[in-house]
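See structure below.
Read-outs: derived from the displayed coordinates by stated rules, not from any lab. In this text the structure is predicted, and so the values were computed from the model without any measurement. Don't worry about glycine lacking a Cβ; one is built from the backbone with ideal geometry, like all the others, and counts go over all protein chains shown.
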Amino acid sequence: MIEVPQGLPQWITDHIKLYLEDPEKAHMWDASLGSGGTTGLLTTLLLISKGRKSGQDRPLPLIYRKIGDDYVIIASKGGAPAHPSWFLNLEAEPNCVIHVGPEKYRAKARVAEGDERAAKWQAMAEIYAPYDDYQVRAGERQIPVVVLEVQAALSD
């Protein structure tokens, strides 16, 4: 069973709980509930990575875009100077599970580089404009573009 991590902002905790209870409703997320200053509905997935220290499943809802057969997410952390914990978890263990609405998949994460990164960044910034501001705010840190390659569909 997936447990909601402690210490997250309430709007993220609420989104995780909604994803676990009603994934169809949680899939389309109202951006005005977050802290990015944008509005409108955005597609989100629930990433479940293994905690690199705890070994426990760590769920987190993230904005995504499907490009080809892959799901693309951005490790922005709102433009903070350090990478988010979920990204560090994927670096340590790239195998993960994603919930995309009611569908569940085993996936493997990798970081896009070069021209692929530029194209996928642009595609993500088209659906969530604050990413460009986050990159400016992040300073020296290049925000990773993470590609989640589906390995297999999972059933309940």
**Request:** Report the label-to-label distance for LYS25 and THR13 in nanometres (one decimal), using points 7 Å from each Cα along the Cα→Cβ vector.
**Result:** 1.9 nm
**Complete:** Expressed in angstrom and rounded, the centroid-to-centroid distance over alpha carbons for region 75-90 and region 12-31 is 21 Å
**Request:** Can you put SER49, SER85, SER155 in order of Cβ neighbours within 10 angstrom, beginning with the fewest?
**Result:** SER155, SER85, SER49
**Message:** I need the trypsin sites (Lys or Arg not before Pro) found in region 63-104, filtered to DSSP loop residues with at most 13 other beta carbons within 10 Å of theirs.
**Reply:** none
**Message:** Helix-only estimate, please: 222 nm mean residue ellipticity of the chain, summing -39500 (n - 2.57) across DSSP H runs of length 4 or more and dividing by its residues, to the nearest 500.
**Reply:** -8500 deg cm²/dmol
**Prompt:** Taking neighbour Cβ counts within 10 Å as the exposure measure, how do VAL136, VAL111, VAL146 sort from fewest upward?
**Reply:** VAL136, VAL111, VAL146
**Item:** Residue-wise HN-Hα coupling along region 91-97, computed from phi with Karplus coefficients 6.51, -1.76, 1.60 (Hz; x: Gly, Pro)
**Value:** 4, 6, 9, x, 6, 8, 10
**Request:** Answer with a single label: of (1) 11, 42, 40, 7, 0; (2) 9, 30, 25, 24, 10, 1; (3) 10, 38, 31, 16, 4, 0, which was calculated as P(r) over Cα pairs in 10 Å bins from 0, in percent from the structure in view?
**Result:** (1)
**Prompt:** Which residues in region 104-142 have a backbone N closer than 12 Å to a point placed 7 Å from the Cα of ILE67 along the Cα-to-Cβ line?
**Reply:** 111-127
**Message:** Going by amide H atoms built from the backbone, whose H comes under 5 Å of the H on LYS104, apart from near neighbours?
**Reply:** LEU154
**Asked** Points 7 angstrom from Cα along the Cβ direction at LYS53 and ALA118: gap in nanometres?
**Response** 3.8 nm
**Electrostatic dipole magnitude of the chain [Cβ: Lys, Arg +1; Asp, Glu -1; Cα centre; debye, to 20]** = 380 debye
